[in-house]
Amino acid sequence: MNDFRCHDACCDNCVEDSYELIDRLINDIQLLASEVVRLRYSLSWFLPEHTGEIVRSESRSDLHDTYLHFPIYQNFMSKYYDGNDPLQCEKFCNHLARLAKGEKSTDEFRSLTF
């Protein structure tokens with residue numbers, strides 16, 4: 001962590017530290033969203049048939065908020081992800097789709113469960 005103090009105006013170091021924090025938080029959100037989908041799928045098999053089907057079909061809903069309305073997030077996406085939202089990228093969405101079908105995933109969005 002940088003040792004500096006910003007008082008009135010935001011300095012370049014503050015912005016870079018903010019971007020680093022956002023990147024780590026995005027990774028945490030992706031990991032936790034993966035676990036939610038995986039657990040919803042697993043738990044759905046213990047519910048009555050109709051309810052389980054509904055849970056499986058909606059297992060990817062309400063996983064996280066959208067942060068696109070925050071200027072710092074827009075700048076972060078522009079710098080690190082070519083303007084694309086990492087929470088909506090094709091690789092992550094495909095990963096969640098596989099988990100929602102009960103498939104194993106071996107990519108970078110590793111599991112917390114064993």
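Would you mind stating whether residue 92 is modelled with pLDDT under 90, aromatic (Phe, Trp, Tyr) and within 15 Å of the chain's Cα centre (by Cα)? I'd like the intermediate steps shown before the answer.
Values: modelled with pLDDT under 90: no; aromatic (Phe, Trp, Tyr): yes; within 15 Å of the chain's Cα centre (by Cα): yes.
Considered against the rule, which asks whether it is modelled with pLDDT under 90, aromatic (Phe, Trp, Tyr) and within 15 Å of the chain's Cα centre (by Cα), residue 92 comes out as no.
Take residue 78 and decide whether it is among the polar types (S, T, N, Q), modelled with pLDDT of 90 or more, assigned to a helix (DSSP H, G or I) and surrounded by fewer than 12 Cβ atoms within 10 Å (Cβ to Cβ). Show your work before the answer.
On the way: among the polar types (S, T, N, Q): yes; modelled with pLDDT of 90 or more: yes; assigned to a helix (DSSP H, G or I): yes; surrounded by fewer than 12 Cβ atoms within 10 Å (Cβ to Cβ): yes.
Yes: the conditions hold for residue 78.
Restricting segment 62-75 to residues that are part of a loop (DSSP other than H, G, I, E, B) and exposed (fewer than 11 other Cβ atoms within 10 Å of the Cβ), which is modelled with the highest pLDDT? Give the steps one after another, and end with the answer.
Initially, segment 62-75 is screened for residues part of a loop (DSSP other than H, G, I, E, B), giving 62-70.
Of the ones still in play, those that are also exposed (fewer than 11 other Cβ atoms within 10 Å of the Cβ) are 62, 65-66, 69.
Numbers: 62: 91, 65: 89, 66: 90, 69: 94.
Checking each candidate, the answer is 69.
Just to be sure, is residue 32 under 16 Å from the mean Cα position of the chain (by Cα), surrounded by fewer than 15 Cβ atoms within 10 Å (Cβ to Cβ) and closer than 24 Å to residue 103 by Cβ?
On the way: under 16 Å from the mean Cα position of the chain (by Cα): yes; surrounded by fewer than 15 Cβ atoms within 10 Å (Cβ to Cβ): yes; closer than 24 Å to residue 103 by Cβ: yes.
Yes.
Name every residue in segment 82-96 that is surrounded by 14 or more Cβ atoms within 10 Å (Cβ to Cβ) and free of Cβ contacts under 8 Å to residues at least 40 places away in the same chain, in order of residue number. Full working, then the answer.
Residues of segment 82-96 surrounded by 14 or more Cβ atoms within 10 Å (Cβ to Cβ): 85-87, 92, 95-96.
85, the sole residue that qualifies.
I need the full set of residues from segment 81-98 which are aliphatic (A, V, I, L, M), under 15 Å from residue 64 (Cβ atoms) and outside any loop (DSSP other than H, G, I, E, B), in order please.
Here is the first cut: in segment 81-98, the residues aliphatic (A, V, I, L, M) are 87, 96-97.
Checking the rest, the ones that are also under 15 Å from residue 64 (Cβ atoms) come to 87, 96.
Once the filter is applied, which keeps residues that are aliphatic (A, V, I, L, M), under 15 Å from residue 64 (Cβ atoms) and outside any loop (DSSP other than H, G, I, E, B), segment 81-98 yields only 96.
So, of the residues in segment 13-38 that are in contact with a Phe, Trp or Tyr (Cβ under 7 Å, 6 or more places away or on another chain) and either outside any helix (DSSP H, G or I) or among the aliphatic types (A, V, I, L, M) (or both), which turns out to be modelled with the highest pLDDT?
Of all residues in segment 13-38, those in contact with a Phe, Trp or Tyr (Cβ under 7 Å, 6 or more places away or on another chain) come to 13, 19, 22-23, 30-31, 34.
Adding the requirement that they be either outside any helix (DSSP H, G or I) or among the aliphatic types (A, V, I, L, M) (or both) leaves 22, 31.
Values: 22: 95, 31: 91.
Step by step, filter segment 13-38, then rank; the result is 22.
Take residue 50 and decide whether it is exposed (fewer than 13 other Cβ atoms within 10 Å of the Cβ), of a type outside the set (Phe, Trp, Tyr) and within 20 Å of the chain's Cα centre (by Cα).
Answer is no for this residue.
List every residue pair whose Cβ atoms lie under 7 Å apart, where the two residues are 6 or more positions apart in sequence or sit on different chains, the first residue falls within segment 1-23 and is among the hydroxyl-bearing types (Ser, Thr, Tyr), and the second residue, located anywhere, is modelled with pLDDT of 85 or more.
Correct list of pairs: 18/72; 19/76; 19/79; 19/80.
The values are calculated or read from the model by the stated rules, or taken from the named source; none is laboratory data. Just so you know, these numbers come straight off a predicted model, no measurement behind them. Note that we place each Cβ from the backbone using ideal geometry, even for glycine, and neighbour counts take in every protein chain shown.
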